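A short write-up of the structure that comes next.
Read the figures in this text as sums done on the coordinates, not as results from a lab. Just so it is clear, the structure is predicted and the values come from calculations on it, not from any experiment. Counting neighbours? That spans all protein chains shown, and the Cβs are built from the backbone with ideal geometry, glycine included.
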Amino acid sequence: MIRKFRLILTIFLLIPLKSHAFNEQNEQRMYIGCYQNSKQYLGANKAKTYCRCTVKKLSEKFSDEELDAVFKQKPEDIYKDTEFASKFCEKKILQ
């Protein structure tokens, strides 16, 4: 089940945005996509917590330019570079 969350996050992150920067609009789009995919597995409340956490962790680590570079990689490399956020946030919702 945990692998499904990571896979969902990775797939969502591959959906092209106008810009892969963490401006307010893109942050909201990331959250909405994460939430829509996660709520069926986690329920509404846990999905909200998980997605807020994941978007926050990614934005803490990556600048706009770094994030652009991450999203230009192969899917498995994107997953590798972003899995720290999903793992951290999975632990948070499972507490």
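With θ taken as phi - 60° and the Karplus curve 6.51 cos²θ - 1.76 cosθ + 1.60 applied, the whole-hertz 3J(HN,Hα) list for the stretch 41-58 is 9, 9, x, 4, 5, 5, 5, 4, 4, 4, 6, 4, 4, 4, 5, 4, 4, 5 Hz, x standing for glycine and proline.
With contacts defined as alpha carbon pairs under 8 Å and 6 or more residues apart, what's the relative contact order of the stretch 33-94 in percent?
Values: 30 pairs, mean separation 22.7, N = 62.
37 percent.
Going by a ≥ b ≥ c, the root eigenvalues of the Cα gyration tensor, does the stretch 53-95 fall in the rounded group (a/c under 1.5), the prolate group (a/b larger than b/c) or the oblate group? The partial results should precede the final answer.
Working: a/c = 4.07, a/b = 1.66, b/c = 2.45.
Oblate, because a/c is 1.5 or more while a/b does not exceed b/c.
State, to one decimal in nm, how far the label point of K74 lies from the label point of Q95, with both points 7 Å from Cα in the Cβ direction. My value for the distance between the label points is 3.6 nm. For the set K61/K92; K48/K72; K48/K91; K57/K80; K46/K72, the pairs lying more than 22 angstrom apart at their alpha carbons are K48/K72; K46/K72.
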